[in-house]
Amino acid sequence: MFTGLIEALGTVQRAEVEGAGRCLAISAPSLTPEMAIGDSLAVNGACLTVVECSGDTLHFQAGPETLLRTNLGELSPGDAVNLERPLAVTDRLDGHFVQGHIDGMGRVAERVQQGDWELVWFSCSPKLTALMVSKGSVAVDGISLTIVEVAADRFSVAVIPHTLSHTTLGHKGPGGSVNIETDLLAKYVHKYLAQQTSEVSKTSEG
């Protein structure tokens, strides 16, 4: 479980095909002293397991499902990635509950400068926007953000200067891919309502 508050930017050192998956080596000097093999780390919002530690570099394996749903398959050496360690039971929850289970990808559609802030629009599948509401939460590349507006196949967020300067969102231009994780509670509510509707429909037909 994570909060969506990015702790550090890491740098991809190596990204290689490994069978049906991919091996990633990411430099993260500020986090490696506290990481060990078997620990979890959110990389661009996707929860991965540390399989090797060497100096300032952490090594991960991303499987087919992860590569299918995330932008980790697009990473190349030199790319920056958002990093966050799991939430401890005693920590304050300053963002929102983020599982590290990516629902799908979106793309930067438009960036609108608003002083030091930016209004950023993302395009994505209507299946994802169906789980979003204005003023609700969404994780974009692991960043906890508040939704401003939701349309059929896009949504917008207002990004503060700190987030622009401390995450990958500060330099992703139009067309850039992002990982999207919708709000956990929204998923359960959506499924419950769908089941209720199905039950009502069956009763009516009977």
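The values are calculated or read from the model by the stated rules, or taken from the named source; none is laboratory data. All values reported here derive from a predicted model rather than from experimental measurement. All Cβ positions, glycine included, derive from the backbone under ideal geometry; neighbour counts span all protein chains shown. Heavy atoms of the whole protein, side chains included, go into the accessibility calculation; ligands, DNA and RNA do not. Shrake-Rupley method; radii C 1.70, N 1.55, O 1.52, S 1.80 Å.
How far apart, in nm, are the 7 Å Cα→Cβ label points at residue 76 and residue 146?
Result for the modelled spin labels: 3.8 nm.
What is the stretch 88-206's relative contact order, in percent, from Cα pairs under 8 angstrom and six or more apart in sequence?
Value for the stretch 88-206: 30 percent.
As a test of the formula, what do you get for the chain when each DSSP H run with n ≥ 4 contributes -39,500 (n - 2.57) and the sum is divided by the residue count, at 222 nm and rounded to the nearest 500 deg cm²/dmol? Walk me through the numbers before you get to the answer.
Values: 4 runs with 38 residues, N = 206.
The per-residue figure over the chain is -5500 deg cm²/dmol.
Measuring from label point to label point, each 7 Å out along Cα→Cβ, what is the residue 127 to residue 94 span in nm?
3.5
If you average the sequence gap of Cα pairs under 8 Å that are 6 or more apart and divide by the length of the stretch 1-67, what percent do you get for the contact order?
30
Positive end of the dipole of the chain, charges at C-beta (+1 Lys, Arg; -1 Asp, Glu), about the Cα centre: which of 117, 186, 43 has its Cα farthest in that direction?
Most positive-ward Cα: 186.
Just want to confirm a number: the relative contact order over the chain, from Cα pairs under 8 angstrom separated by 6+ residues, in percent.
23
Ignoring ligands, DNA and RNA, what accessible area per residue does the stretch 1-48 give at 1.4 Å, in Å²?
That works out to 42 Å² per residue.
Taking the Cα atoms only, what angle lies between the long axis of helix 184-205 and the longest principal axis of the chain, rounded to 10 degrees?
In the chain, helix 184-205 runs at an angle near 30 degrees to the longest axis.
Can you find, among 81, 10, 20, the residue sitting farthest towards the positive end of the charge dipole of the stretch 1-91, where Lys and Arg contribute +1 and Asp and Glu -1 at Cβ?
The Cα lying farthest towards the positive end belongs to 20.
Separation between the residue 187 and residue 1 pseudo-spin-labels, each 7 Å from Cα along Cα→Cβ, expressed in nm?
Calculated label separation equals 1.4 nm.
With the full set of protein chains in place, find how many percent of the accessible area of the stretch 1-70 is carbon and sulfur; take the probe as 1.4 Å.
50
Would you work out which of 105, 148, 95 lies farthest towards the positive end of the dipole of the stretch 87-206? Charges go on Cβ: Lys and Arg +1, Asp and Glu -1.
Comparing the listed Cα positions along the dipole, 105 ranks first.
Let me make sure I get this right: for the stretch 96-206, a, b and c are the square roots of the gyration tensor eigenvalues over alpha carbons, sorted descending. Under 1.5 in a/c it's rounded, otherwise prolate if a/b > b/c, else oblate. Which is it?
The shape class here is prolate.
Using Cα centres only, tell me the gap between the stretch 144-180 and the stretch 22-87 in whole Å.
Using only Cα atoms to place each centre, the spacing works out to 21 Å.
Which value, in debye to the nearest 20, gives the size of the charge dipole of the chain about its Cα centre, when Lys and Arg are +1 and Asp and Glu are -1 at the Cβ?
Once rounded to the nearest 20, the dipole reads 440 debye.
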